[in-house]
Amino acid sequence: MKGERHRQKRKGKDTSTSAERDGSVTMAKWFDKQTAVILSAITALVAACVAPLTAQLVNSHPHRRSTELKMDQALLNIQNELLNDTLLLSWLSDRCYQCLFQVLGTVPAGPGPGEPSSAVFNVGTQYPLTLQLNSTNSDTELCRIHFSFAEQGNYSLWIKNVNDTSKEITCAIFIDEEPVNSYFPILVAFLVYTGLASLVAIGGYLMGLDVVRNFMYRMANTMETERLINSELGSPSRSVEASVHAAAPVAPGRRLRSLDTFRGLSLVIMIFVNYGGGRYWFFKHESWNGLTVADLVFPWFVFIMGTSISLSLSSALRHGSSRLRLFWKVLWRSLQLFMIGVLVINPNYCLGPLSWDSLRIPGVLQRLGFTYLAVAVLELLFSMTRLDTITDAWWYPAQELVLYWPAWLCILALETVWLCLTFLLPVPDCPSGYLGPGGIGDFGQYSNCTGGAAGYIDRWLLGENHIYQNPSSHVLYQTRMPYDPEGILGTINSVVLAFLGLQAGKILLHYKDLHKKIMTRFLIWGFVLGIISAILTKCSRDRGFIPVNKNLWSLSYITTLGCFAFVLLFITYYTVDVKRWWSGAPFFYPGMNSILIYVGHEVFADYFPFKWKMMNSQSHAEHLTQNLVATSVWVLVSYLLYRKKIFWKI
């Protein structure tokens with residue numbers, strides 16, 4: 001009896017110990033489940049809150065002639081009171097630099113005194129427009145008006161003489177019906193996501209309180225005790241084994257969460273804009289010079305790839321891996337990225353064998369593959385196996401530069417090649433150093449010179465049929481030449497940008513755990529690159545020495561995006577790894593599986609739940625709903641893959 005009571009006492013003690021240790025595991029699982037539920041709720045909430053806006057916006061003006069208007073259009077009714085004067089209406093967008101006016105239509109002369117003639121036109125609302133009215137009789141300009149039209153608005157433009165005796169003409173625009181607020185769905189979506197993020201933050205805060213934690217422990221202990229009592233597996237020996245297994249220490253990972261968060265943020269925005277970004281102009285790529293949200297993400301991905309190269313190869317070398325063996329791994333990975341990229345951007349493989357006649361060769365993954373190969377080879381050639389921090393040398397403040405001067409010489413040589421080819425290479429029928437879009441830009445003088453030397457090299461080496469056929473300059477500048485934004489010449493500057501990311505990795509390695517020095521150097525790099533960008537662009541969009549241009553991947557483009565990348569890395573490093581105010585969720589999860597999520601979003605872009613038939617395809621609200629739902633689903637997929645420890649590494 002005494003021995004039996006001792007065994008029962010021991011069993012109760014072991015059961016309590018196991019339950020107490022499993023309490024934290026149960027609470028962690030509960031919190032992970034809540035996170036998954038909240039990520040799933042994003043889809044339903046966005047669809048429920050944003051999609052109904054379409055019907056509300058359309059029905060708010062039932063008598064509006066909205067059925068005749070497409071997305072980003074307004075109705076303009078021209079009222080002409082001029083007798084014997086047929087008018088020619090032309091337009092010019094503010095975003096079209098040095099462009100020719102484009103004819104919109106003609107307006108007949110007024111039939112009689114006080115009886116205006118009318119003509120109705122659809123005008124664009126994405127950018128401010130300049131309207132020009134010319135007389136077809138004398139071919140003289142009568143008036144010119146600069147105006148910003150709003151979506152689904154109804155406007156009237158009156159042309160009349162100031163009085164009966166004067167030949168002076170006046171033009172004035174009036175609003176007949178108010179436009180809709182096409183940006184309101186963005187506000188609703190922002191509030192939905194902000195609310196969900198707030199709920200997660202509040203939940204995390206509450207779970208950290210001792211009162212809540214103790215309550216969860218008691219609940220876990222109660223459930224565990226009942227389970228062990230009612231289960232045949234609840235023997236003391238098994239209980240002890242489970243307890244020991246649960247208490248086994250886990251080696252802390254040395255991976256910086258801020259890097260995966262940075263990569264995941266870039267990837268999530270990339271997916272959103274690739275799916276359409278609600279069809280808003282600022283979520284599309286810029287027509288030529290300048291920046292939009294869509295122009296930020298790919299360079300950031302290239303930048304953080306360079307940072308990862310520095311950390312991963314440095315770690316492999318310190319652990320004894322040979323440089324030759326690492327080179328073959330790098331080469332194989334680059335080839336894999338290139339081949340996957342060719343398959344992804346040529347989806348006709350689903351219909352049969354790939355046709356060489358129209359196979360596009362450049363692409364996002366292809367550029368990543370070549371950039372990865374070039375920067376990794378530089379790292380293998382010139383990196384140091386041991387990272388000894390030198391504090392007594394005069395060049396100590398710039399040791400991440402001085403210690404790798406051979407690699408910097410290679411980068412400077414590459415950039416010199418880009419500058420010489422861009423500004424000195426003779427291009428048939430085009431001026432030397434031409435950086436324009438061609439088409440109607442530059443007053444139509446160089447209509448077939450799209451991209452200058454960059455476009456010429458791609459068409460010469462790859463052929464017109466093997467590059468991108470519909471560049472972003474096609475609509476606004478009406479370019480007719482194919483041009484690839486991931487072309488050969490721009491890849492040089494992609495390597496330079498990845499090398500800047502490599503320097504961020506060197507900073508993390510040389511000043512490990514010295515958070516203040518790391519963040520200071522991030523800000524210094526951002527400041528220096530920002531100054532270079534200001535000089536190259538003259539702080540203007542079109543009038544600088546080298547404008548910021550994503551299509552060309554111009555030098556000012558990579559210095560500007562490098563500046564932004566260092567500042568963003570500073571913010572994520574400080575909040576995620578230093579202060580730990582933020583875990584990096586939900587961007588951390590796609591950042592851990594970036595290649596799989598990117599390839600998946602390209603392959604399944606036309607399948608449900610990433611795309612469905614819309615009730616109104618001309619509604620920003622419906623497009624925004626669809627694109628946000630699709631992006632959220634991929635974030636949820638990445639979270640589930642992370643929980644299952646499924647990672648696709650190339």
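The values are calculated or read from the model by the stated rules, or taken from the named source; none is laboratory data. It should be emphasised that the depicted structure is a prediction, and the values quoted were computed from it without experimental measurement. Glycine gets a Cβ as well: all are built from the backbone with ideal geometry, and neighbour counts include every protein chain shown. The protein model used for the area step is the full one, side chains on, heavy atoms only, and it has no ligands, DNA or RNA in it. Shrake-Rupley method; radii C 1.70, N 1.55, O 1.52, S 1.80 Å.
Among the numbered criteria (1) open to solvent by 40 Å² or more (accessible area, probe 1.4 Å); (2) of a type outside the set (Asp, Glu); (3) closer than 20 Å to Leu89 by Cα, which single criterion is violated by Asn163?
In the conditions (1) open to solvent by 40 Å² or more (accessible area, probe 1.4 Å); (2) of a type outside the set (Asp, Glu); (3) closer than 20 Å to Leu89 by Cα, Asn163 misses (3) alone.
Of all helices (runs of 4 or more DSSP H) completely enclosed by the range 297-404, which ones contain at least 1 residues that are at pLDDT 85 or above?
Of the helices (runs of 4 or more DSSP H) lying wholly inside the range 297-404, those with at least 1 residues that are at pLDDT 85 or above span 297-318, 323-345, 364-382.
So Val633 clears everything in (1) in contact (Cβ under 8 Å) with a residue 12 or more places away in the chain; (2) closer than 22 Å to Gly306 by Cβ; (3) part of a helix (DSSP H, G or I) except one condition, right? Which one?
The one condition Val633 does not meet is (2).
How many of the residues in the range 152-172 are touching a Phe, Trp or Tyr at 6+ places or on another chain (Cβ under 9 Å) and either among the aliphatic types (A, V, I, L, M) or under 30 Å from Phe184 (Cα atoms) (or both)?
4
When you scan the range 124-162, how many residues do you find that are closer than 21 Å to Cys99 by Cβ and of a type in the set (Asp, Glu)?
2
Could you list all residues from the range 595-630 that are in a helix (DSSP H, G or I) and more than 28 Å from Tyr372 (Cα to Cα)?
Result: His620, Ala621, Glu622, His623, Leu624, Thr625, Gln626, Asn627, Leu628, Val629, Ala630.
Within the range 443-456, can one find any residue that is in contact (Cβ under 8 Å) with a residue 60 or more places away in the chain, over 30 Å from Phe303 (Cα atoms) and over 25 Å from the mean Cα position of the chain (by Cα)?
Within the range 443-456, one or more residues are in contact (Cβ under 8 Å) with a residue 60 or more places away in the chain, over 30 Å from Phe303 (Cα atoms) and over 25 Å from the mean Cα position of the chain (by Cα).
Out of all the residues in the range 578-586, is one or more of a type in the set (Phe, Trp, Tyr), surrounded by fewer than 23 Cβ atoms within 10 Å (Cβ to Cβ) and at pLDDT 95 or above?
no
If you check Leu89, Leu83, which single one turns out to be crowded, with 16+ Cβ neighbours inside 10 Å, out of contact with any His (no Cβ under 6 Å at 6 or more places or on another chain) and of a type outside the set (D, E, K, R)?
Exactly one residue qualifies, and that residue is Leu89.
Among the residues of the range 117-130, is there at least one that is touching a Gly at 6+ places or on another chain (Cβ under 8 Å), small (Gly, Ala, Ser), open to solvent by less than 30 Å² (accessible area, probe 1.4 Å) and in contact (Cβ under 8 Å) with a residue 12 or more places away in the chain?
Yes, there is a match, as at least one residue in the range 117-130 is touching a Gly at 6+ places or on another chain (Cβ under 8 Å), small (Gly, Ala, Ser), open to solvent by less than 30 Å² (accessible area, probe 1.4 Å) and in contact (Cβ under 8 Å) with a residue 12 or more places away in the chain.
Do we have any residue at all in the range 98-113 that's assigned to a strand (DSSP E or B), open to solvent by 40 Å² or more (accessible area, probe 1.4 Å) and over 25 Å from Thr479 (Cα atoms)?
No, there is no match, as no residue in the range 98-113 is assigned to a strand (DSSP E or B), open to solvent by 40 Å² or more (accessible area, probe 1.4 Å) and over 25 Å from Thr479 (Cα atoms).
Look at Val599 and say whether it is more than 22 Å from Ile518 (Cβ to Cβ) and open to solvent by 30 Å² or more (accessible area, probe 1.4 Å).
no
Each row is one residue, and each column tells you yes or no for (1) open to solvent by 20 Å² or more (accessible area, probe 1.4 Å); (2) part of a helix (DSSP H, G or I).
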{"position": "Lys512", "(1), (2)": "yes, no"}
{"position": "Ile518", "(1), (2)": "no, yes"}
{"position": "Ile524", "(1), (2)": "yes, yes"}
{"position": "Ala534", "(1), (2)": "yes, yes"}
{"position": "Cys539", "(1), (2)": "yes, no"}
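Only one of (1) crowded, with 24+ Cβ neighbours inside 10 Å; (2) at positive phi; (3) not in a loop (DSSP other than H, G, I, E, B); (4) not hydroxyl-bearing (Ser, Thr, Tyr) fails for Phe499. Which number is that?
Tallying (1) crowded, with 24+ Cβ neighbours inside 10 Å; (2) at positive phi; (3) not in a loop (DSSP other than H, G, I, E, B); (4) not hydroxyl-bearing (Ser, Thr, Tyr), Phe499 fails exactly one: (2).
When you scan the range 611-629, how many residues do you find that are crowded, with 19+ Cβ neighbours inside 10 Å and in contact with a Ser or Thr (Cβ under 9 Å, 6 or more places away or on another chain)?
Qualifying residue count, the range 611-629: 9.
Every residue, every condition in (1) open to solvent by 10 Å² or more (accessible area, probe 1.4 Å); (2) farther than 23 Å from Phe382 by Cα; (3) of a type in the set (Gly, Ala, Ser), yes or no:
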{"residue": "Phe282", "(1), (2), (3)": "yes, yes, no"}
{"residue": "Asn289", "(1), (2), (3)": "yes, yes, no"}
{"residue": "Val293", "(1), (2), (3)": "yes, yes, no"}
{"residue": "Thr307", "(1), (2), (3)": "no, no, no"}
{"residue": "Ser310", "(1), (2), (3)": "no, no, yes"}
{"residue": "Ser314", "(1), (2), (3)": "no, no, yes"}
{"residue": "Gly320", "(1), (2), (3)": "yes, no, yes"}
{"residue": "Phe327", "(1), (2), (3)": "yes, no, no"}
{"residue": "Arg333", "(1), (2), (3)": "yes, no, no"}
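Is it fair to say Leu561 is under 30 Å from Cys449 (Cα atoms), open to solvent by less than 60 Å² (accessible area, probe 1.4 Å), at pLDDT 95 or above and not in a helix (DSSP H, G or I)?
no
Return yes when Phe443 is within 24 Å of Phe370 (Cα to Cα) and either open to solvent by less than 20 Å² (accessible area, probe 1.4 Å) or not in a loop (DSSP other than H, G, I, E, B) (or both) and no when it is not.
Judged against the criteria, Phe443 is not a match.
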